[in-house]
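Chemist: Just dropping this structure here.
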Amino acid sequence: MNCSVLDIPQDESLPGLANLLDLDRFMLILRPHLEARGIKIVRGEISYIRYKPSTNCLAAYRLILAGAGSNSERETILYAKLFCEKDFKNAWLKSASSNWVKIDDFDPVMALPTESAMLYFYPNDCLIDGLKILAQPKKMQRILYANYHNYSSSEWRISDSKLKVTTVRYKPERRAVVRCDTKATRHDGGDKKKISIYCRFYGDERGRQAYDIQRALFEMLKGQRRVKVPMPIAYIPEKRLLIMEAVPGQPLEKLLAGSDQQAIERAAEALARLHEIRSLDLPVRDSQSAMSDLESTAEMIRAVAPESIDSVTSTLHKIKTGLLQVADASTTFVHGDFYYGQVLVHEEGAFIIDYDRSYLGDPLADLGNFCAHLRLLRLENRVADEIRSEEAFIGKYEAVSGRKANRDSLGLWTAVGLFQLSIGPFRRLESGWRKKTDRILQECQKALLK
């Protein structure tokens with residue numbers, strides 16, 4: 001991903017913004033520092049952006065590096081945080097007194113004074129301190145012995161030398177999802193088993209609640225075939241780490257490309273079964289909470305794409321007017337971020353994952369968010385007919401739940417989901433992101449008309 005200078009917002013408080021968000025410029029700045037250590041940049045991409053106008057900007061990069069004169073390539077993840085001048089000096093001083101994991105060939109943290117930016121090389125992170133354990137396989141092994149009771153140290157030896165770590169998703173200073181694969185050998189008999197787990201590292205205490213929710217759901221759904229959740233293994237408070245078992249299944253995202261109606265219906269039935277749960281003690285989110293989130297997104301779009309102000313203001317007004325007319329339902333379990341990426345389809349049903357944002361509220365929020373993501377796939381030409389998929393999903397959900405989804409309310413929640421997605425093209429620095437944002441806002445208007 002790259003972005004021309006014309007597509008980067010002007011921000012007098014962050015004059016280094018263009019150098020941070022233009023991949024070619026960034027690599028030119030970084031290249032001399034790496035070449036001094038015998039490392040060359042083969043290629044790279046910007047994988048994540050979080051921008052707070054006039055305050056700071058954070059961008060994550062995936063770089064493919066090679067030693068000078070070597071054809072052997074390796075991936076390195078890092079993120080840059082750009083500050084206003086005063087905050088940069090404080091961050092620089094703080095970095096000198098912090099404990100960082102050493103990384104082969106280059107410093108774990110690097111300052112770029114000209115850009116008022118700090119670079120943090122993975123797994124070093126200012127807030128997700130638990131990530132550092134990934135550089136210490138022995139410590140990871142000890143955590144598994146202490147918490148993964150299927151493989152106690154008295155019966156098994158978990159290999160630390162064969163531990164393979166794959167970073168699935170990384171949002172610096174917020175959350176990282178990592179898959180760990182290794183092998184276990186039974187002391188008595190020498191039986192061998194593969195171990196596959198997912199580790200979710202957090203920059204705050206959100207993981208504790210996510211673990212409690214997932215553990216409760218796992219127990220409640222033990223006898224279910226149509227809807228399941230991965231088994232949570234443990235939450236490690238001092239690492240802010242949630243560990244869970246990997247589960248079988250095909251990602252729904254891949255099946256959508258082929259318009260697999262059976263897979264869509266299994267996902268719909270799983271969600272309907274999940275919405276039947278009433279006994280969890282969770283925070284309540286009402287329409288006012290949704291409006292607060294929408295305002296934050298609107299502020300971001302206005303800052304980076306001022307030409308869209310009229311469209312943003314008009315669309316936001318219509319959504320808020322609709323939300324004010326919706327009777328809040330606060331007794332139903334809501335996933336909070338339900339879309340195709342949270343579903344693994346198996347032969348009998350589906351696993352639903354990721355409960356970081358779950359709450360009690362209006363279940364149509366989940367349906368609307370799913371429909372919003374389907375429509376975005378169509379706008380991105382990744383599915384041919386999202387209408388058929390949407391109708392199949394809603395129809396199956398209604399059949400299983402035994403209640404009709406109010407189409408006006410569903411259109412409203414679809415618009416809410418689309419509005420929140422409209423900042424995505426900028427965050428990913430997609431080519432022509434301004435036009436893509438406008439198209440998503442237009443799709444919001446269409447959803448509100450239904």
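The values are calculated or read from the model by the stated rules, or taken from the named source; none is laboratory data. If you're wondering where the values come from, they're calculated on a predicted model, not measured in any experiment. Reconstructed Cβ throughout: ideal geometry from the backbone, glycine too, with neighbour counts over all protein chains shown.
Chemist: Which condition breaks for A234 when tested against (1) in contact (Cβ under 8 Å) with a residue 40 or more places away in the chain; (2) closer than 26 Å to T331 by Cβ?
Modeler: Condition (2) is where A234 drops out.
Chemist: If you don't mind, there's one more thing I want to ask. Identify all residues within region 139-161 that are assigned to a loop (DSSP other than H, G, I, E, B) and either of a type outside the set (D, E) or in contact with a Gly (Cβ under 6 Å, 6 or more places away or on another chain) (or both); write none if there are none.
Modeler: Y148, S152, S153, S154, S159, S161
Chemist: Kindly establish whether I46 is of a type outside the set (D, E, K, R), part of a strand (DSSP E or B), within 27 Å of the chain's Cα centre (by Cα) and surrounded by fewer than 20 Cβ atoms within 10 Å (Cβ to Cβ).
Modeler: no
Chemist: Something else: Say we look at region 10-43 and pick out the residues that are in a strand (DSSP E or B) and without any contact (Cβ under 8 Å) to a residue 60 or more places away in the chain; which of these is farthest from D105 (Cα to Cα)?
Modeler: Per the criteria, the residue is R43.
Chemist: Checking the structure you have, find out if any residue of region 75-90 is more than 23 Å from D22 (Cβ to Cβ), of a type outside the set (K, R) and out of contact with any Asp or Glu (no Cβ under 7 Å at 6 or more places or on another chain).
Modeler: First, the residues of region 75-90 that are more than 23 Å from D22 (Cβ to Cβ): 86, 89-90.
Cutting the leftovers down to of a type outside the set (K, R) gives us 90.
Now restrict to residues that are out of contact with any Asp or Glu (no Cβ under 7 Å at 6 or more places or on another chain): 90.
Yes, region 75-90 has at least one match.
Chemist: Considering only region 337-450, give the helices (runs of 4 or more DSSP H) lying wholly within it that have at least 2 residues that are closer than 18 Å to A268 by Cα, of a type in the set (D, E) and in contact with a helix residue (DSSP H, G or I) (Cβ under 8 Å, 6 or more places away or on another chain).
Modeler: Values: elements: 364-379, 386-401, 407-421, 424-427, 433-449.
It comes to 386-401.
Chemist: Same structure, new question: Quick check: is even one residue across region 400-407 crowded, with 19+ Cβ neighbours inside 10 Å, polar (S, T, N, Q), farther than 26 Å from T313 by Cβ and modelled with pLDDT under 95?
Modeler: No: zero hits.
Chemist: Okay, moving on. Filtering region 70-118 down to residues that are of a type in the set (S, T, N, Q) and outside any helix (DSSP H, G or I), which residue is surrounded by the most Cβ atoms within 10 Å (Cβ to Cβ)?
Modeler: Looking at the filtered set, the residue picked out is S116.
Chemist: While we're here: With of a type in the set (K, R), in the same structural domain as Y339 (by TED's automatic domain parsing) and closer than 19 Å to Y340 by Cβ as the only criterion, which of R434, R439, R403, R428 stands out?
Modeler: R428
Chemist: Another question, then. If you take the residues in region 162-185 that are part of a strand (DSSP E or B) and hydrophobic (A, V, I, L, M, F, W, C), which one is surrounded by the fewest Cβ atoms within 10 Å (Cβ to Cβ)?
Modeler: At the first step, the residues of region 162-185 found to be part of a strand (DSSP E or B) are 164-171, 175-185.
Checking the rest, the ones that are also hydrophobic (A, V, I, L, M, F, W, C) come to 165, 168, 176-178, 180, 184.
Numbers: V165: 15, V168: 11, A176: 25, V177: 17, V178: 20, C180: 19, A184: 19.
The residue in question is V168.
Chemist: Let me ask something additional. Filter region 186-219 down to the residues that are buried (at least 16 other Cβ atoms within 10 Å of the Cβ) and more than 16 Å from R175 (Cβ to Cβ) and list them by number.
Modeler: Of everything in region 186-219, those that are buried (at least 16 other Cβ atoms within 10 Å of the Cβ) and more than 16 Å from R175 (Cβ to Cβ) turn out to be I195, I197, D212, R215, A216, L217, F218.
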